[in-house]
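Asks: There's a structure below that I have some questions on.
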Amino acid sequence: MNFLPDVYVPCEVCQGARYNRETLEVHYKGKTISEVLDMSIEEAAQFFEPITGIHRYLQTLVDVGLGYVRLGQPAPTLSGGEAQRVKLASELQKRSTGRTIYILDEPTTGLHFEDIRKLLKVINGLVDKGNTVIVIEHNLDVIKTSDWIVDMGPEGGAGAEPLSPRALRRRSPLCRKVTRANSWPKSSTPGSRRAHPGRTAEAKSAPEPGSANPLRRHAAATRSSG
């Protein structure tokens, strides 16, 4: 059985602005509320920089890697990782007691390496204040910066054991790459898939037109989230 995706139809009266004519006649720094909600969180943080109370909340969202999200983006369209980071940002606005336990389930999902670095800075800040952060994660950058690792596999059950990253490296050859910097494996590309010299594919609709990608190779395009 196939399910059709959600369909959003703009209102014929407001054309998707979500406010009546009287409300849209009000401007702040030349922007209506509809135009403000169409900004990314990072743009909105700069826009409201003079208003400390608003800027502080928006900057926290930027700090947890959500600067690319639209300010008026519907909550149901957020990914699981994004929704968790919104909750994390709201917690960061509360007065820290130093006795809080935070449990995060794969908060790095869909994040670029640079955004993961920002998120780790926030998480480490929570720990520095005396809180406890438990992260369920597969990302190696997150794992190798942890104080303790609970390795749930491959055995699991009675075979699971809490270890420090250093002890895990000694006990599990499979996990040594977790705590070793720059541990990317060497290319295992078969000879039949080697790139042909001079043959490339041009992505004309890419953000940077004309970028050459070698044919018959695994080429990756990456950028910060959003």
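Asks: Would you please give the residues with an amide H less than 5 Å from that of Val133, counting only those at least 5 places away or on a separate chain, with H modeled from the backbone geometry?
Replies: Distant-sequence amide H within range of Val133: Tyr102.
Asks: Hey, fewest Cβ within 10 Å first, where do Glu82, Glu35 land in order?
Replies: The fewest-first ordering by Cβ neighbours comes to Glu35, Glu82.
Asks: Between Ala219 and Gln46, 0.36 nm times their residue separation minus their Cα-Cα distance comes to what?
Replies: 58.8 nm
Asks: Once you've got the Cα coordinates, tell me which of Lys87/Lys118; Lys94/Lys144; Lys87/Lys121 are over 24 Å apart.
Replies: Lys94/Lys144
Asks: Could you put Met152, Met39 in order, starting from the residue whose Cβ has the fewest other Cβ atoms within 10 Å? Walk me through the numbers before you get to the answer.
Replies: Working: Met152 12, Met39 18.
Exposure proxy ranking, most exposed first: Met152, Met39.
Asks: Report, largest value first, the span of the C-alpha coordinates of region 40-144 along each principal axis, in whole Å.
Replies: Its Cα atoms span 36, 30, 24 Å along the three principal axes.
Asks: Can you run phi through the Karplus equation (6.51, -1.76, 1.60; θ = phi - 60°) for region 116-123 and list ³J(HN,Hα) in whole Hz, with x for Gly and Pro?
Replies: 5, 4, 5, 5, 4, 4, 5, 4
Asks: How would you rank Phe47, Phe3, Phe113, going from fewest to most other Cβ atoms within 10 Å of each one's own Cβ?
Replies: Phe3, Phe113, Phe47
Asks: Work out, step by step, the length gained on full extension between Lys29 and Asp147: first 0.36 nm times the residue separation, then minus their alpha carbon distance; give nm to one decimal. Please report the intermediate quantities before stating the final value.
Replies: Working: separation 118, 0.36 × 118 = 42.48 nm, distance 4.68 nm.
The Lys29-Asp147 span can extend by a further 37.8 nm.
Asks: Can you compute the modelled spin-label distance between Val127 and Glu91, with each label point 7 Å from Cα toward Cβ, in nm?
Replies: 1.4
Asks: Below 13 angstrom from the Cβ of Lys31, what's the summed charge of the other residues (Lys, Arg +1; Asp, Glu -1)?
Replies: Values: positive: Lys29; negative: Glu25, Glu35, Asp38, Glu43.
Charge balance in the 13 Å sphere: -3.
Asks: While we're looking at this one, here's another question. Residue by residue, what Karplus-based ³J(HN,Hα) values in Hz, rounded to whole numbers, does region 49-61 have, using 6.51, -1.76 and 1.60 with θ = phi - 60° and x for Gly and Pro?
Replies: Coupling constants for region 49-61: 4, x, 9, 4, x, 7, 4, 4, 5, 5, 5, 5, 5 Hz.
Asks: Would you mind checking which residues have amide H under 5 Å from Asp151's amide H? H placed 1.01 Å from N; only 5 or more apart, or other chain.
Replies: Glu161, Leu163
None of the figures in this text is laboratory data; all of them are computed from the coordinates on show. Just so it is clear, the structure is predicted and the values come from calculations on it, not from any experiment. Using ideal geometry, Cβ is built from the backbone for each residue, glycine included, and neighbour counts are taken over all protein chains shown.
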